[in-house]
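Reviewing the structure listed below.
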Amino acid sequence: LAASLLASLPAIAQLPPDQALASLKPADGLQVELFAAEPMLVNPTSMDVDHKGRVWVAEAVNYRRKNFNRPILRDAGDRIVVLTDTTGDGKADESTVFYQGTDLYGPLSVCVIPQADGKALRVLVAQSPDILEFRDRDGDLKADGPPTKFLTNFGGFDHDHGVHGLSVGPDGKLYFTVGDSGVKGLQSSDGQGKKWTTNDTDCQKGTVWRCDLDGKNLELIAHNFRNNYEACVDSFGEVWLS
């Protein structure tokens, strides 16, 4: 009887890519295909697709280690990787490490912002207590150096209830979300405007924010959620949340 029960339980171990794909059941009229798998990427938490169809992935191998007294799994630090389909067959065949370092620890979001020259890139990465900014001025898919702080003072270090959900809306504004770990002293990048701290009145629990792409004119546009994970802004300016 015990053997029969165990045999009827779903497998809890990781599956090879082909078996994982076969286990998915898309709705009628939809199709699912495998684009990339380990070792091209490991433990992805977020992805963004740039203007050239390359898929940027934030990896969080070291997620929930320091705050939970667990050993670090990746001594060299976490990574941002870029997956590229060079042949146009719908499958990634190149995986490029954009950045890896000990200053990258459990990132939960990546957002790629192409620059006007068509070559340079800005890359924003959310990992409480900061949103970090990388530059790639020559477009070689390698960060020019360590990140700088774009915005800071987010709660939720080493936790998924911190800052995440970076995206650029159709209005050209940067949107992001913060879970109910909250903020403490969050302000526009130029130091202007209100300095926000989570409270019981006008900045409660989980929040949704909007600012200019340079971090100025920071606005709180919704609050009092638990862990609202990403803001998707449609062409009418409506903000959809999960």
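The values are calculated or read from the model by the stated rules, or taken from the named source; none is laboratory data. Remember, it's a predicted structure, so these values are computed and weren't measured experimentally. Here the Cβ positions follow ideal geometry from the backbone for every residue, glycine too, while neighbour counts run over all protein chains shown. Areas reflect the complete protein model, heavy atoms only, side chains present, ligands, DNA and RNA absent. Shrake-Rupley method; radii C 1.70, N 1.55, O 1.52, S 1.80 Å.
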Cβ-Cβ under 7 Å pairs, at least 6 apart or on other chains, the stretch 176-192 side within 18 Å of K216 (Cα to Cα), far side modelled with pLDDT under 95 and open to solvent by less than 10 Å² (accessible area, probe 1.4 Å): T177/N228; T177/A231
Residue identified as open to solvent by 60 Å² or more (accessible area, probe 1.4 Å), in contact with a Gly (Cβ under 9 Å, 6 or more places away or on another chain) and free of Cβ contacts under 8 Å to residues at least 60 places away in the same chain among Q31, Q100, Q127: Q100
Qualifying positions in the stretch 131-177 - closer than 17 Å to Q100 by Cβ, open to solvent by less than 40 Å² (accessible area, probe 1.4 Å) and assigned to a strand (DSSP E or B): L132, E133, F134, D136
Selected residue (criterion: nearest to G106 (Cα to Cα)) from residues of the stretch 48-57 that are aliphatic (A, V, I, L, M) and surrounded by 17 or more Cβ atoms within 10 Å (Cβ to Cβ): V57
Subset tally (residues that are outside any loop (DSSP other than H, G, I, E, B), surrounded by fewer than 17 Cβ atoms within 10 Å (Cβ to Cβ) and in contact with an Asp or Glu (Cβ under 7 Å, 6 or more places away or on another chain)) for the stretch 58-83: 2
Every residue from the stretch 178-196 that is among the hydroxyl-bearing types (S, T, Y) and either within 17 Å of K149 (Cα to Cα) or not in a loop (DSSP other than H, G, I, E, B) (or both): S188, S189
Number of positions in the stretch 223-242 that are open to solvent by 70 Å² or more (accessible area, probe 1.4 Å) and under 13 Å from V168 (Cβ atoms): 2
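Of everything in the stretch 81-124, what is of a type in the set (K, R) and over 17 Å from the mean Cα position of the chain (by Cα)? Give them in sequence order.
K91, K119 - these are the residues of the stretch 81-124 that are of a type in the set (K, R) and over 17 Å from the mean Cα position of the chain (by Cα).
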Complete set of residues in the stretch 200-242 that are of a type in the set (D, E) and outside any strand (DSSP E or B): D200, D202, D212, D214, E230, D234, E238
Condition check for L121: within 18 Å of L213 (Cβ to Cβ) and out of contact with any helix residue (DSSP H, G or I) (no Cβ under 8 Å at 6 or more places or on another chain): yes
The listed residue being aliphatic (A, V, I, L, M) and modelled with pLDDT under 95, out of A60, A11, A36: A11
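Just give me the residues in the stretch 90-123 being aliphatic (A, V, I, L, M) and either over 12 Å from H51 (Cα atoms) or in a loop (DSSP other than H, G, I, E, B) (or both), in sequence order.
A92, V97, L104, L108, V110, A116, A120, V123
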Qualifying residues in the stretch 84-97 (those that are open to solvent by 70 Å² or more (accessible area, probe 1.4 Å) and among the β-branched types (V, I, T)) - the one farthest from E59 (Cα to Cα): T87
